[in-house]
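Okay, so here's the structure we're looking at.
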Amino acid sequence: MLRQEINLYSQIKLDHIPTRWLSWKFLWLSNIFFVCFFTIIYLSSLWNIYYLEKKAAQLFVERDELKQKFYTLKNTLPKIFFTQDVNQAINQLKENITTEQTLLKNIANYIPFSENLTSLTKIIVPGVWLTDISIKNGGEIMLLKGFSTHSTNLQLFLDKISKDKIFRGYILHANHISNEDKHNKESLMFSITMTRKPK
């Protein structure tokens, strides 16, 4: 029998060793790339923080300026614009106006006292003399007290007062007329209130 040799080498398939795609050189380059990338991100973050801090400082300055302008403007406007209860503010304003009007009315002097006193000196009636003259509420009310030797003289005195141009705007009231002298029944003590007529 003949000896036969069989070549089995051609039948064996050798496994291919895979090539390394991640080499040391590529690894170093990738690390450098990531370091540079994160460094750029870090520097941009620092710049962004610095910019935001500058912007915040500028906004704080603008806020303070606007606040100062607001308070300056607020002092020039009525408080009613800055109150929550408008009705209460309106009532407060009405009370203030009423108080100011009353005060103005009390201190207003429509006719100077000197004119009133001058007019009284011109009204001369024999047997009538004044002992007290009171002028109140800026000339709105006058109180005259005095004596008269006779009721006729007192009536003449009242007529002259009512016809005087200064006292035409007054209403006369004889508060008190009495006889104080028991020996002379015609002697009278009187008290007259003169009130200005409403306009």
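The values are calculated or read from the model by the stated rules, or taken from the named source; none is laboratory data. Just so it is clear, the model here is predicted, and its values are computed rather than measured. FYI the Cβ positions are ideal-geometry reconstructions off the backbone, even for glycines, and counts take in every protein chain you see.
Below, the figures for the structure above:
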quantity	calculated
Matching entry among T39, T102, T83, T118 (being modelled with pLDDT of 85 or more and either surrounded by 10 or more Cβ atoms within 10 Å (Cβ to Cβ) or farther than 30 Å from K136 by Cβ (or both))	T39
Some residue of region 163-172 being touching a Lys or Arg at 6+ places or on another chain (Cβ under 9 Å), exposed (fewer than 14 other Cβ atoms within 10 Å of the Cβ) and at pLDDT below 85	yes
Residue that is closer than 30 Å to K94 by Cβ, in a helix (DSSP H, G or I) and modelled with pLDDT under 90, where the choices are L73, L29	L73
Selection within region 121-135 - out of contact with any strand residue (DSSP E or B) (no Cβ under 7 Å at 6 or more places or on another chain) and charged (D, E, K, R)	K122
Identity of the residue in region 121-137, closer than 16 Å to Q155 by Cα and touching a residue at least 24 places away in the same chain (Cβ under 8 Å), that ends up surrounded by the fewest Cβ atoms within 10 Å (Cβ to Cβ)	P126
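Each row is one residue, and each column tells you yes or no for (1) farther than 27 Å from T193 by Cα; (2) modelled with pLDDT of 80 or more.
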{"residue": "I49", "(1), (2)": "yes, yes"}
{"residue": "Q58", "(1), (2)": "yes, yes"}
{"residue": "E62", "(1), (2)": "yes, yes"}
{"residue": "E65", "(1), (2)": "yes, yes"}
{"residue": "Q68", "(1), (2)": "yes, yes"}
{"residue": "P112", "(1), (2)": "no, no"}
{"residue": "D132", "(1), (2)": "no, yes"}
